[in-house]
Amino acid sequence: MTEKVRTRFAPSPTGFLHIGGARTALFSWLFARHNGGEFVLRVEDTDQIRSTEESTKAILDAMTWLGLNWDEGPHFQAQRVDLHREMVQKLIDEGKAYYCTCSSEELEASRKQAMATGKKPKYDGTCRDKNLKKSPGSVVRFRGAQTGTTVVEDLVKGNIIFNNDELDDLIIERGDGYPTYNFAVVVDDALMNITHVIRGDDHVNNTPRQILMYEALGFAVPKFAHVPMILGADKARLSKRHGATSVMAYKEMGYLPEALVNYLVRLSWAHGDQEIFSLPELINLFTLDAVGKSPAVFNPEKLLWLNAHYIKEASTERLMVEMKPLWPADAPTGDAVFTQKVIADLQPRVKTLVEMAAMADFYFAGQVQYEEQAAQKFLVPDVTAHLQAMLAAIPAVQNFSKTGIEEFLKAFTQERDIKFKVIAQPLRVALTGKTVSPGIDEVMVTLGKDRVVQRLNDAIGYIEDRSRS
Ligand code: GLU
């Protein structure tokens, strides 16, 4: 029997979940799901100063929003420190690690000296063979191999060969008794039976050191896959100046999680030239050999395009739920049938849910706010008679549906011997306050007869008031 695939996402809770982290989590999650395996969440919170509970919550919330459910955890690394110390002790007992008391001044001086003589700065081994005992502030270093090579057989990048003499005697336990990242990650991944370590390629250089520690501890070495980084359009590492980098900022800006997931997966992974993928489809198709080696470039326009697509595709029931927190606080959205119609009108037209909330304002308004220029140009005495005639005719319209209204408008303009153009914009401004809106017929259907009548009345009153003053 082949062993069960187990992957993990191991964020440090020192900030929000950013785009790069989310993409790594997604790949790790997809790989587990594709292989019928398990996805473990481990919060790497051993940095006591920078880790916060708030960040942990923010990361978990973002994972949940994206739909990246975990089968195990969250494990908290800081609660496992006794275990890490046990493993450190084991290495010390076996002569594979040692105490070091070099002060930071000494280390700095030796580093400078190495640089001056053109050597790679690395720990000079002062304490390696001193057989020191633990003392206040002493650190523990891993006795690295001095010769030979370590090969990282990366599932994305292929084989990467490192000369062991270039690897430092890494600190594995700090002066405060806490393990360092490189050590804790090895112990935890090994004890959690992680079979595939999928992470950002900023960790590639750590991997040979970690492999040596797996071997020293007598653990099986997992498979590694390092996914390329995400850059901004200017090819610099993605950062705030390229726009929002936090996953939850996208939620707040009115993105649907499936749009972000679809976007993130296509950064560095492809299946032919297909762009739109549902989650079940991704689970079915995702393999690491289709992950690209080179850095991906973040393209906000494409993400927006995907978001518009998913908003268009979403059911109005779903969007009712998504829109709930986004409607302006004073919008009377309590009439569910009406609100659902508003959403249906707008969903083919907007790129974000926030845009939908903004565009919907005129539907909910008790009194339409006319855009100044629109009113000046279109709500003028010339159109009063047409609007009055329409006001008089509307109550008799039997079929207040899209086709019914189309027929009504056709008959109305024929009867009055005017082109639709003459009445179209005045009517639009009367009903919406704007010169750009969804189709007039759709707007009329959604507003319903009573609101249309009220708005025509209001517009006529407005024109009269204005011409009087
Ligand atoms: N806590 C590490 C980080 O957030 C995890 C790296 C890894 O996946 O090994 O960078």
By average C-beta atoms within 10 angstrom, highest first, the peptides 434-446, 276-288: 434-446, 276-288
Candidate lysines for bridging to residue 223, where Cα separation is under 16 Å - those fewer than 8 sequence places away on the same chain excluded: 4, 157
Taking 255-262, 113-120, 244-251 and ranking on average Cβ neighbours within 10 Å, highest first, one gets 255-262, 244-251, 113-120
With axes computed from alpha carbons, what is the tilt in degrees of helix 81-93 against the longest principal axis of the chain, rounded to the nearest 10 within 0 to 90? 30 degrees
Contour excess over end-to-end distance, with Cα ends at residue 52 and residue 373 and 0.36 nm allotted per residue: 110.4 nm
For residue 89, what is the net charge nearby, where nearby means another residue's Cβ is under 12 Å from its Cβ and Lys, Arg count +1, Asp, Glu -1? -1
Taking 0.36 nm per residue of separation and subtracting the Cα-Cα distance, what length does fully extending residue 284 through residue 126 add? 51.5 nm
Once Rh is set to the Kirkwood radius over Cα pairs, what Stokes-Einstein translational diffusion coefficient, in µm²/s, holds for the chain at a temperature of 4 °C and a viscosity of 1.567 mPa s? 48 µm²/s
Taking Cα atoms only, helix 104-116 is inclined relative to the longest principal axis of the chain by an angle, in degrees rounded to 10, of 90 degrees
Sorted by number, the cysteines in the chain with no other cysteine beta-carbon under 4.7 Å are 102
Would you calculate, for the chain, the mean residue ellipticity at 222 nm contributed by helices, counting each DSSP H stretch of 4 or more residues as -39,500 (n - 2.57) and dividing by all residues, to the nearest 500? -14500 deg cm²/dmol
For residue 154, list long-range residues whose amide hydrogen, built 1.01 Å from N in the peptide plane, is under 5 Å from its own amide hydrogen. 159, 160
Excluding residues on the same chain fewer than 8 positions from residue 312, give the lysines whose Cα lies under 22 Å from its Cα. 251, 302, 324, 341, 351, 402
So, by mean Cβ neighbours within 10 angstrom, what's the order for 35-41, 321-327 with the highest one leading? 35-41, 321-327
Of all beta bridges DSSP finds with both residues in the chain, what is the antiparallel percent, to the nearest 5? 50 percent
How far is the Cα center of region 90-104 from the Cα center of region 188-227, in Å? 22 Å
Helix 207-217 versus the longest principal axis of the chain: what angle, 0 to 90°, nearest 10, using Cα atoms? 50 degrees
Apply 1/(1 + (r/R0)^6) to the Cβ-Cβ distance of residue 406 and residue 312, taking R0 = 30 Å, and write down the FRET efficiency to the nearest 0.05. 0.85
Can you work out the Karplus-derived ³J(HN,Hα) for every residue in region 394-406? Use 6.51 cos²θ - 1.76 cosθ + 1.60 with θ = phi - 60°, whole Hz, and x for glycine or proline. 4, x, 7, 5, 6, 9, 8, 10, 4, 5, x, 6, 4
Modelled label-to-label distance, residue 93 and residue 147, 7 Å Cα→beta-carbon offset: nm? 3.0 nm
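We did not get these values from a lab; they are worked out from the coordinates using the rules stated. What you see is a predicted model; the values in this text were computed from it and never measured. Cβ: placed from backbone, ideal geometry, glycine included. Neighbour counts: every protein chain shown.
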